[in-house]
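Just below is one structure, and these are the notes that go with it.
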Amino acid sequence: MLDCYIPYGGYWCTPFVKWQGAYANLHPLKFAAETATRALAERAISPQVFSGLFLGATVPSQGAFYAAPWVAGMLGAGEITGPTLSQACATSARVIASAAFEITNSGAGPLLCLTADRTSNGPHILYPNPLAPGARGDAEDWVWDNFNCDPFAGLSMVETAENVAREAGISTAEQHEVTLLRYEQYQQALADAAAFHRRYMVMPIEINPSGRKVMATVQDDEGVFPSTPAGLARLKPVLPGGSVTYGGQTYPADGNAGMILAGRQQARELSREPGIEIRLIAFAEGRERKGFMPAANVPAIRRVLDRAGITLADVKAIKTHNPFAVNDCYLSRELGIPATGMNNFGCSLIWGHPQAPTGMRLLIELIEELALLGGGYGLFSGCAAGDTAAAIVIHVDG
């Protein structure tokens with residue numbers, strides 16, 4: 001069990017923007033530092049309070065060799081340092097868990113956790129290969145080649161979704177029903193002038209790369225595709241003979257997120273509402289058979305519930321990273337969770353997937369949902385490349 005706390009309000013994220021959208025030319029680490037600087041100032045928290053920084057990123061960018069120390073310096077906290085972690089779509093969970101382990105075991109804190117990725121304009125890498133004909137190098141498009149082929153399973157991510165759908169008998173129609181439900185749930189977050197998003201989101205974001213002229217203003221998530229029964233019915237499966245359509249999967253995006261972790265008393269001192277206590281209870285990972293990535297949430301959830309000493313009946317709110325609607329269809333069947341019993345206010349299936357910050361945003365939304373419900377246990381789980389998944393249990397009191 002973990003002994004680590006999150007100050008209420010001690011977290012934030014940018015709106016997420018679809019691939020090649022408004023953030024396409026922003027350096028992801030500089031952007032994350034700018035966002036964190038603004039968020040901390042809005043919360044009247046000095047960067048000097050932190051004893052370390054845990055940074056998560058999955059897509060390399062210029063200067064990323066110096067990532068965490070560089071970001072700390074840009075924040076005005078040049079005396080601290082920390083690791084830069086990358087675990088595909090489980091990066092947020094790993095960053096949070098690693099910081100929580102350090103606080104639990106050493107009493108360190110407060111710690112700042114930041115996650116940032118830009119899938120737009122990802123690097124094109126040439127690996128030297130002196131043994132190739134003419135010493136021609138081996139090329140890799142970092143974002144798209146890794147979406148399209150797991151070197152161990154030899155499959156693209158959508159093929160792993162098809163494997164799960166085929167074995168479990170999950171039809172296109174069932175996937176589209178979940179997509180429609182998730183889109184409707186996302187509309188709850190936009191109600192009352194996006195009141196739910198304004199609880200945690202840093203917005204608007206002014207795009208000003210030159211420092212002289214604002215080129216665009218991002219008011220909220222950009223790239224969300226409206227879903228209707230008729231529109232989804234017109235879509236054909238991505239793969240011949242398959243069941244997964246573009247309407248039943250997420251899309252690459254850009255953005256960043258931040259979260260403060262601390263000991264109990266430190267969290268109270270940094271909280272916007274000291275009467276609300278948020279505790280990280282447990283973290284776990286799971287792995288499925290080769291080529292069955294969307295199913296990996298099930299073993300991860302079973303393991304994290306066991307470590308937390310609770311059952312699904314004790315859980316009041318659930319958030320999942322669902323790159324495919326298949327994920328939630330399968331989870332519903334295996335664990336008996338109704339589709340309506342998870343992902344209130346939205347999920348990555350709808351607002352996109354910048355990879356590293358995706359899970360952190362989901363956990364933030366989980367905290368805010370539990371706060372609205374008056375507290376209780378919350379469960380987050382998300383699958384990741386390599387047929388793996390990570391899961392976290394939290395408890396909100398107050």
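A few notes on this one:
- Here Met360 clears all of (1) touching a Ser or Thr at 6+ places or on another chain (Cβ under 8 Å); (2) buried (at least 22 other Cβ atoms within 10 Å of the Cβ); (3) of a type in the set (A, V, I, L, M, F, W, C); (4) over 20 Å from Arg94 (Cβ atoms) except the condition numbered (4).
- Any hit, segment 385-398, residues being under 12 Å from the mean Cα position of the chain (by Cα), in a helix (DSSP H, G or I) and at pLDDT 95 or above: no
- Residues of segment 135-193 that are without any contact (Cβ under 8 Å) to a residue 40 or more places away in the chain and among the aliphatic types (A, V, I, L, M): Ala135, Ala139, Ala173, Leu190, Ala191, Ala193.
- Hits in segment 188-200 (condition: assigned to a loop (DSSP other than H, G, I, E, B) and among the small types (Gly, Ala, Ser)): Ala195
- Flag if Leu40 is touching a residue at least 40 places away in the same chain (Cβ under 8 Å), aliphatic (A, V, I, L, M) and crowded, with 21+ Cβ neighbours inside 10 Å: no
- Matching residues, segment 201-246, being touching a residue at least 60 places away in the same chain (Cβ under 8 Å) and not in a loop (DSSP other than H, G, I, E, B): Met201, Ile205, Ile207, Ala216, Val218, Glu222
- So Ala300, is it more than 30 Å from Arg234 (Cα to Cα), of a type in the set (Gly, Ala, Ser), touching a Lys or Arg at 6+ places or on another chain (Cβ under 9 Å) and not assigned by TED's automatic domain parsing to the domain that holds Val95: yes
- Test: Ala267 is in contact with a strand residue (DSSP E or B) (Cβ under 8 Å, 6 or more places away or on another chain), among the small types (Gly, Ala, Ser) and over 30 Å from Ala108 (Cβ atoms): no
- Residue in segment 366-386 that is among the hydroxyl-bearing types (Ser, Thr, Tyr) and closer than 23 Å to Met1 by Cβ present: yes
- Among all positions in segment 222-233, there is at least one residue which is under 24 Å from the mean Cα position of the chain (by Cα) and closer than 26 Å to Gly9 by Cβ.
- Lone unmet requirement of (1) under 30 Å from Glu269 (Cβ atoms); (2) among the acidic types (Asp, Glu); (3) in contact with a Ser or Thr (Cβ under 6 Å, 6 or more places away or on another chain) for Glu102: (3)
- Residue match in segment 70-84 (condition: in the same structural domain as Ile260 (by TED's automatic domain parsing) and in a strand (DSSP E or B)): yes
Residue-by-condition table, conditions (1) buried (at least 21 other Cβ atoms within 10 Å of the Cβ); (2) in contact with a Gly (Cβ under 8 Å, 6 or more places away or on another chain); (3) more than 22 Å from Tyr330 (Cβ to Cβ):
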| residue | (1), (2), (3) |
| --- | --- |
| Glu269 | no, no, yes |
| Arg272 | no, yes, yes |
| Glu285 | no, no, no |
| Arg289 | no, no, no |
| Ala295 | yes, no, no |
| Arg302 | no, yes, no |
| Leu305 | yes, no, no |
| Gly309 | no, no, yes |
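- Flag if Ala194 is surrounded by fewer than 19 Cβ atoms within 10 Å (Cβ to Cβ), aliphatic (A, V, I, L, M), in contact with an Asp or Glu (Cβ under 6 Å, 6 or more places away or on another chain) and closer than 30 Å to Glu34 by Cβ: yes
- Restricting segment 101-126 to residues that are of a type in the set (A, V, I, L, M) and over 21 Å from the mean Cα position of the chain (by Cα), the residue that is farthest from Leu363 (Cα to Cα): Leu126
- Leu363 being more than 20 Å from the chain's Cα centre (by Cα), among the hydrophobic types (A, V, I, L, M, F, W, C) and under 25 Å from Trp12 (Cα atoms): no
- Each residue in segment 1-59 was checked for being of a type in the set (Gly, Ala, Ser) and outside any helix (DSSP H, G or I), and 11 of them qualify.
- Unique residue being on the phi > 0 side of the Ramachandran plot and either touching a Phe, Trp or Tyr at 6+ places or on another chain (Cβ under 6 Å) or at pLDDT 95 or above (or both) when the list is Gly211, Gly255: Gly255
The values are calculated or read from the model by the stated rules, or taken from the named source; none is laboratory data. Quantities reported herein were computed from a predicted structural model and do not represent experimental measurements. No Cβ is skipped: glycine too gets one built from the backbone with ideal geometry, and neighbour counts run over all protein chains shown.
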